[in-house]
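Working notes, structure below.
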Amino acid sequence: MVKAVRGACRSPWTIILPVLAWLYAGCASPQGPAPVTFANLDADYVGDVACFDCHEDQWRGFQEHGMARSFYRLTPDNVIEDFRAAPLFHEGSGFYYRVFANGDSFYQEEYRLNARGAKTHELVRRIDYVVGSGNAARTYLTESGGRLYEMPLTWYAQSAIWDFSPGYQIHNKRFNRLVPDRCMACHNSYPRSVPFVAGKYESVPEGIGCERCHGPGSMHVAERLAVPEVRGAVDRTIVNPAHLSGNLQMDVCQQCHLHTTVSLLREGRTAFDFRPSERLEDYVALFSAAEDKEEGTIDVISHAQRLKQSACFAAAPMTCTTCHDPHQGFRDKGPEYFDVTCTGCHTDAAAVVHAAGESCIQCHMPKVPADGAPHSSFTDHWIRVVGDAMPAHQRAPGLLMPYFARDADGLEADRYEALAYLVHGTQQADSALLERGVALAEPIYNLDPTGELSFLLGVTLTNLGRPQEAVTPLWATIALRALPERLNGLAQALEQADPVLNKAQVDVITALYDSALTQQPALADVRINYGLFLQRQDRVQQALAQFRLAAAEHPWLTLTHTHLGTAYMQDGAFGRAEVSLNRAIALDPDNADALGNLGLMYSGMRGRNEDARRLFERAVQAAPDNAVTQANLGTWFLRNGYGEAAINRLTAAVTLEPTYVGAIINLGLAYAHTGDYVQARRHIEQALALEPDNPVARRIQESF
């Protein structure tokens, strides 16, 4: 279980990327105090409790700010939602979802109903954490074995309704959406994450803390306890953003209030490395693509870009803290709280505004709907006369543009552009973008190979069906640093590059998997890959050992139970196979592989033949474009004397996969069963043309 802590100490290697960081000290400006460099890069994080004794007023004021309420456990004391609301139906997946309370705990349930209204599937997950202050919405996380998962339903506070979490209407990720470091880095303070494992944490704090904006405080605490009074004009043991240049102040905020299409950590950086007073561009490379947005909407995370489009930002000395004080909440202060700042510069407008009784923000920074965040509106930080046109950005669809000038020209810029296309193509599942990324990456890789470029190039080539080309860059990335994900990527490429492996190749692949899992035993997905490799080498007992370890580490991962059940079938342990496959189906009732394999096992058991048919039919319903599911159902029809039904399903299988020899042979037998020997011979000959030495097809041909 993840241990929740508030203000816990952290070691220096787990420094997190700053989140929602409204800067301290009012109206410090780009033209204001001279830039200050802070020499506290070796300091440790000490937690908020250490700040309280000397800075009680600021500490208490911060508790009213949304940042302090960004991440916390759900308890009866902080409930604002209606847990008696009616269920919601997700049309794309056919699942219903509901929320409910049981004692002091709260849950989200997924279920499915048959035509009679009876439940055919049920999955319940406890709500462990809330993400969001609740000013606009509250999204929920559930935890299993230290892994955090986003949940399907969000409470939209402005409309006081439940609906699907952003993105879930398009693609329902159910309870399987992990919350990795890059997400946690913008939604909480400093967790202790498990190295190399996405979404797994040893402990997590509750809410963004003081050190997010001020940097780690161990040096400051030690110095001020020893010598309470600061010597000199600036206390260099802690970051006070008021003493930073305007650009560096903005960088603290832009860690989370800056949204682009692609965000890349620079080589050697992690999501937890940035500290206030450093330049954001030294940690991330950002690229934006032309996006089609509904007229009158903005991104939820659009504050920095929109603000920088404003005439106020260009003409006046302002940063985020010109208007926002992070040491006090502002939601209940009314519009005049911000009007004071506006009229401080626009003195000629003050009388007009106040006479009309209207707010500056209401007219010049109106709330508008946010793209991807239903039932919510957010302040548009583009300060302007409403009706002005945003400056147009002329770019071709799909073309990525860098945010930082350093990524516009030069070898480093070319490298990150290539990486951006590879990442964007993967996110969009767009082969054209991936091919563009490969075309950009290959010449750069040859000139200036780096770990991430070599790795992502190799993985992309493997996914594009070109594993032979992937091997060289993947070997190169391991030579630079043999990280577990790189070892796994090379093992996958080597497996796919040669369909028949010799002993030396098998030994190399085995060593790669062993090395990855020695570094991090908790990598369940790598164990699955290793188990499948061992299974293909007929090392079934070793494969079972890997699958069992993966299931123990990651019990919610459906693939683990699917492959474990299949390996048990191969080993003849049918009772254990049944348990594992049913577990996989309970986690995912549309798991076609588990449904099909359990159907195959039942079809050979006395009294389970009709159960096998139902499972095969469910598999086809779940994956109608899968040739294997169609062939399994067609073969069941063939064996049970339903010739026409067999022909229909087996024809579908062969249409989907024209070189599927087993389905072609069974289709020939199905035609023979109906007395159509012309079609039967034709399909058997087709099978022999594909596999001249196929013994089954040869015997059938001789029997005609």
Here are Pro499, Pro484: which of them is open to solvent by 10 Å² or more (accessible area, probe 1.4 Å) and not β-branched (Val, Ile, Thr)?
Pro499
Kindly indicate whether Ala482 is modelled with pLDDT of 95 or more, small (Gly, Ala, Ser) and not in a helix (DSSP H, G or I).
yes
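Quick grid of which residues meet (1) within 23 Å of the chain's Cα centre (by Cα); (2) closer than 30 Å to Tyr337 by Cα; (3) modelled with pLDDT under 95:
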{"residue": "Trp22", "(1), (2), (3)": "no, yes, yes"}
{"residue": "Ala43", "(1), (2), (3)": "no, no, yes"}
{"residue": "Cys54", "(1), (2), (3)": "no, yes, yes"}
{"residue": "Arg84", "(1), (2), (3)": "no, no, no"}
{"residue": "Leu88", "(1), (2), (3)": "no, no, no"}
{"residue": "Glu110", "(1), (2), (3)": "yes, no, no"}
{"residue": "Val124", "(1), (2), (3)": "yes, no, no"}
Identify, please: which residue in region 453-477 is free of Cβ contacts under 8 Å to residues at least 24 places away in the same chain and touching a Leu at 6+ places or on another chain (Cβ under 6 Å) and is, among those, least open to solvent (accessible area, probe 1.4 Å)?
Leu474
Within region 623-674, of all residues that are assigned to a helix (DSSP H, G or I) and hydroxyl-bearing (Ser, Thr, Tyr), the one surrounded by the fewest Cβ atoms within 10 Å (Cβ to Cβ) is Thr655
Subset tally (residues that are of a type in the set (Asp, Glu) and under 14 Å from Val526 (Cβ atoms)) for region 492-513
1
Mind counting the residues in region 487-500 that are within 14 Å of Val471 (Cβ to Cβ) and either modelled with pLDDT under 95 or charged (D, E, K, R) (or both)?
2
Strands (runs of 3 or more DSSP E) (entirely within region 47-142) containing at least 3 residues that are in contact (Cβ under 8 Å) with a residue 12 or more places away in the chain and open to solvent by less than 20 Å² (accessible area, probe 1.4 Å):
95-102, 105-113
In this structure, is Pro228 farther than 19 Å from Ala50 by Cβ and open to solvent by 30 Å² or more (accessible area, probe 1.4 Å)?
no
If a residue has to be within 24 Å of Thr379 (Cβ to Cβ) and assigned to a loop (DSSP other than H, G, I, E, B) to count, how many in region 234-257 make the cut?
3
Could you check how many residues of region 421-452 are in a helix (DSSP H, G or I), open to solvent by 10 Å² or more (accessible area, probe 1.4 Å) and within 21 Å of Pro402 (Cα to Cα)?
17
For region 401-420, indicate whether the set of residues that are under 21 Å from Pro473 (Cβ atoms), free of Cβ contacts under 8 Å to residues at least 60 places away in the same chain, open to solvent by 70 Å² or more (accessible area, probe 1.4 Å) and among the acidic types (Asp, Glu) is non-empty.
no
For Ser288: the one exception among (1) in a strand (DSSP E or B); (2) crowded, with 23+ Cβ neighbours inside 10 Å; (3) not hydrophobic (A, V, I, L, M, F, W, C):
(2)
Within region 602-622, how many residues are in contact with a Phe, Trp or Tyr (Cβ under 6 Å, 6 or more places away or on another chain), over 16 Å from Ala646 (Cα atoms) and crowded, with 19+ Cβ neighbours inside 10 Å?
0
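The values are calculated or read from the model by the stated rules, or taken from the named source; none is laboratory data. All values reported here derive from a predicted model rather than from experimental measurement. Every residue, glycine among them, receives a Cβ derived from its backbone with ideal geometry; neighbour counts consider all protein chains shown. Calculation scope for accessible area: heavy atoms of the full protein, side chains included, ligands and nucleic acids excluded. Shrake-Rupley method; radii C 1.70, N 1.55, O 1.52, S 1.80 Å.
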